[in-house]
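Some notes on the structure that comes next.
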Amino acid sequence: RDEIIRLERFTRLRGVIFDMDGTLVDSVYDWPSIRIELGMPDGDFINGINGTEEPERTLLWERLEAIEHEATEAATIMPGALEILEALHGARIPVALVTNNSERNTRECLARFGMTFDVVITRDSGMCKPSGAPFVAAASAMGLNPDEILAVGDSRHDLSAALDAGCGAVCVVGHAHHEGHGPADLSVPGVVDLLPTVELLFSRAGTGS
C-alpha cells in the first residue's frame, strides 16, 4: 500500500519499458567471472570493449557474443512475463523492450517465448544502458515522453538509465528488489508480482482497464 501511495503522483503514465535478461527472461550470467575473462573488472564493459584496440576488440566481442548465445539457449521465461505483456497489450498500452543484449539473441528469445513488443531496442542500435538514450528513443518511438513511462528492470544499469532518461516511474525486480535500490519508486520480487500494480496504475491514469 505504501508503494502505491508513493506512485500517486505518476498520473501521466502511458507506456511501459521492460528490460529482458533477469526481468522477463531468466538467463544465467556469471558477470564477475565474465568481467574477469574479458579483462573488464569495473565500469561499463560494453564501452570498455569498444574502447579496446583491434584485433583484441573483435576477439572480445566474439567471446561475449558466444557467452550470451549460450545463456540465451538455456534461458527460461520468468513467471508472469507473458501474462503481464498480454494484459498491457489488451489494454492498448504501448510496450517496449530495451536490452543491452544483441539483436540476434533478443529476437531468438522473443520468438521462442512468444513475446511481442511495440518497440525493441538492443545494443546494436548503438545505444546502451546505463545511458538513458535507449529509453528516450523507445519512448519517442511509442509516441510518448519519458515522463509518461514506467521502466521495469533488475539491475543498477536499468535504474540508472531510467533515471537518466527521466522516466515517470521506475520499478526494480528480482535481485535488485532484495538489494533495496533507494531511488526506485517500486520494488517487487518478480515481474509476476507487478501485474496487479500495473493494472491499478494504468486504471488510475485512465488508459487501462
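The values are calculated or read from the model by the stated rules, or taken from the named source; none is laboratory data. The model shown is predicted, which means the values in this text are computed figures rather than measured ones. Note that we place each Cβ from the backbone using ideal geometry, even for glycine, and neighbour counts take in every protein chain shown. Heavy atoms of the whole protein, side chains included, go into the accessibility calculation; ligands, DNA and RNA do not. Shrake-Rupley method; radii C 1.70, N 1.55, O 1.52, S 1.80 Å.
Side notes on the structure shown:
- Each residue in the range 12-44 was checked for being open to solvent by 30 Å² or more (accessible area, probe 1.4 Å) and either more than 29 Å from residue 83 (Cα to Cα) or not acidic (Asp, Glu) (or both), and 15 of them qualify.
- Unmet criterion (only one of (1) part of a loop (DSSP other than H, G, I, E, B); (2) free of Cβ contacts under 8 Å to residues at least 60 places away in the same chain; (3) in contact with a His (Cβ under 7 Å, 6 or more places away or on another chain)) for residue 105: (1)
- Which numbered condition residue 140 misses (of (1) open to solvent by 10 Å² or more (accessible area, probe 1.4 Å); (2) touching a residue at least 12 places away in the same chain (Cβ under 8 Å)): (2)
- Of residues in the range 1-21 being of a type in the set (A, V, I, L, M) and at pLDDT below 70, the one nearest to residue 138 (Cα to Cα): 7
Residue-by-condition table, conditions (1) closer than 19 Å to residue 27 by Cα; (2) open to solvent by less than 20 Å² (accessible area, probe 1.4 Å); (3) out of contact with any Pro (no Cβ under 9 Å at 6 or more places or on another chain):
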| residue | (1), (2), (3) |
| --- | --- |
| 85 | yes, yes, yes |
| 92 | no, no, yes |
| 101 | yes, yes, yes |
| 111 | yes, no, yes |
| 114 | yes, no, yes |
| 122 | yes, yes, no |
| 129 | yes, yes, yes |
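- In the range 131-170, the residues that are in contact with a Cys (Cβ under 6 Å, 6 or more places away or on another chain) and within 16 Å of residue 198 (Cα to Cα): 149, 151, 152
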